[in-house]
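Presented below is the structure to which this report refers.
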Amino acid sequence: MAVPKQDAPGVIKTEVDHLVAAVAPLIELYQKLSRLLDQERQSLEKRNPEQMESLAAEIGRVLEEIQVCDQLRQKITRQLGARLGLSGARLNLQSLDQSLGGGSGLLPLREQLKAEIDKAEKTNRHNQAVFKGVLTATDSMLRALKESTQGPAASYNRKGARNASGAKFHFISKQL
């Protein structure tokens, strides 16, 4: 698309405005995702499966919205980058801001978006660790139950001593 030289700054400003308008909702979506992941962490800690299921569905919807918004952001970034002669791995909000001489408003948005993404990733990693711990404990309990039906299993007798008999099976000592 050929743009007369006198109109080029206006077109670039319009494209920057479109990019800002695409990034702002992305930041809000990541903030929403972080709140949902915090709620997921709480429901994991409370072992509330109904709430976890509901949150998983909502998290899925937010992730779909993020994907749509990010595709738009990428498209506008590529268009603006092409207009400025930038492409490839170097093309991002920071390089666009630098090519525009700074002060475009893109750099603070980039930092805010990056902070929100990092926050959501950190919370998600924590939730994964908690969930993995719950799964490990559940697997351990199921294995102990299975072994107790297949013969002698290490357990506790009624006085708290280790016992290798499946006949008197207790998961924990009653004399703590």
P108 vs (1) closer than 30 Å to Q42 by Cα; (2) free of Cβ contacts under 8 Å to residues at least 12 places away in the same chain: all pass except (1)
Within segment 1-112, helices (runs of 4 or more DSSP H) holding 2 or more residues that are modelled with pLDDT under 90, surrounded by 16 or more Cβ atoms within 10 Å (Cβ to Cβ) and in contact with a His (Cβ under 7 Å, 6 or more places away or on another chain) | none
Per-region count, segment 57-107, residues at positive phi and either basic (K, R) or touching a helix residue (DSSP H, G or I) at 6+ places or on another chain (Cβ under 7 Å) (or both) = 1
Within segment 121-135, can you find the residues that are farther than 14 Å from R47 by Cα and either more than 16 Å from the chain's Cα centre (by Cα) or among the acidic types (D, E) (or both)?
-> E121
For segment 114-135, indicate whether the set of residues that are within 24 Å of P25 (Cα to Cα), surrounded by fewer than 16 Cβ atoms within 10 Å (Cβ to Cβ) and either modelled with pLDDT under 90 or among the aliphatic types (A, V, I, L, M) (or both) is non-empty.
-> yes
Evaluation of A21 against (1) among the small types (G, A, S); (2) closer than 30 Å to K132 by Cα; (3) out of contact with any helix residue (DSSP H, G or I) (no Cβ under 6 Å at 6 or more places or on another chain) (one fails), failing number | (2)
Which numbered condition T138 fails, given (1) touching a residue at least 60 places away in the same chain (Cβ under 8 Å); (2) part of a helix (DSSP H, G or I) = (1)
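Hey, can you tell me all the residues within segment 33-75 that are in contact with a Phe, Trp or Tyr (Cβ under 8 Å, 6 or more places away or on another chain) and free of Cβ contacts under 8 Å to residues at least 40 places away in the same chain?
Scanning segment 33-75 gives no hits.
The values are calculated or read from the model by the stated rules, or taken from the named source; none is laboratory data. Nothing here was measured: the structure is a model prediction, and the numbers come from that model. So basically every Cβ, Gly included, is an ideal-geometry build from the backbone, and we count neighbours across all protein chains shown.
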